[in-house]
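Have a look at the structure below before the remarks.
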Amino acid sequence: MEALIRCARMTDKDRLIAFLEKANLGTDGVEDAIEYFLILEDEDEQIQATIGIEPLGTYGLLRSLAMTQKLSENELLFLLEQMLKLAREKKLESLYLATNKRSSLSLFSVLGFEREDKENLPNGLFASEHVKHIMNVDNSLFMRLKLE
């Protein structure tokens, strides 16, 4: 598959939201943070993967990682590397992720994320509805990557 990774544009909003809904992911805030989303498309301009950041002041919360089964491991890693580059370009100090899927720990550990105790989360993260929801989910955990 010949893939292209690019920043989402407002013209992508409807396709991006439909892709996220198909993956049973929330779409709140996508429109407001569209410039913080990356899209991986195939040669037919079909979305194969996406990931976004919910900006929260100097922090970012990784959101909406969704992919098709066609996506290779190398393409996924390249997408995640590009997300880190975008976060640095946006001058974010740290990236956080919230999950209840333990299987994602090793992937994000490879990228330099470390587990973060809920008690140590910055207050700014609690402005996110996603964080508020995750705090109430059993087995939820947070990871952090310092970008500075």
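Below are the figures for this structure:
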| quantity | calculated |
| --- | --- |
| Estimated FRET transfer efficiency (L111, K22; beta-carbon r; R0 22 Å; 0.05) | 0.30 |
| Cα centroid separation, region 92-148 to region 1-70 (Å) | 19 Å |
| Sequence-separation-based contact order of the chain, relative, with Cα cut under 8 Å and 6+ spacing, percent | 21 percent |
| Label-point separation, S103 to E129 (7 Å along Cα→Cβ), nm | 2.7 nm |
| Charge dipole of region 68-123 about the Cα centre (unit charges at C-beta), most positive-ward option of N123, N74, Y96 | N74 |
| Rh by Kirkwood over Cα pairs, then Stokes-Einstein D for the chain at 0.692 mPa s and 37 °C, µm²/s | 211 µm²/s |
| Nearest 10 degrees, 0 to 90: helix 13-22 Cα axis against the chain principal axis | 70 degrees |
| Antiparallel %, DSSP beta bridges [both residues in region 4-146], to 5 | 90 percent |
| Of A23, A49, A98, the one that fluctuates the most in a GNM where the chain has Cα springs shorter than 10 Å | A23 |
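FYI, it's all coordinate maths here, none of it is from the lab. Remember, predicted model here, so these are calculated numbers, not experimental data. Positions of Cβ are generated from backbone atoms using ideal geometry, with glycine treated the same way; all protein chains shown enter the neighbour counts.
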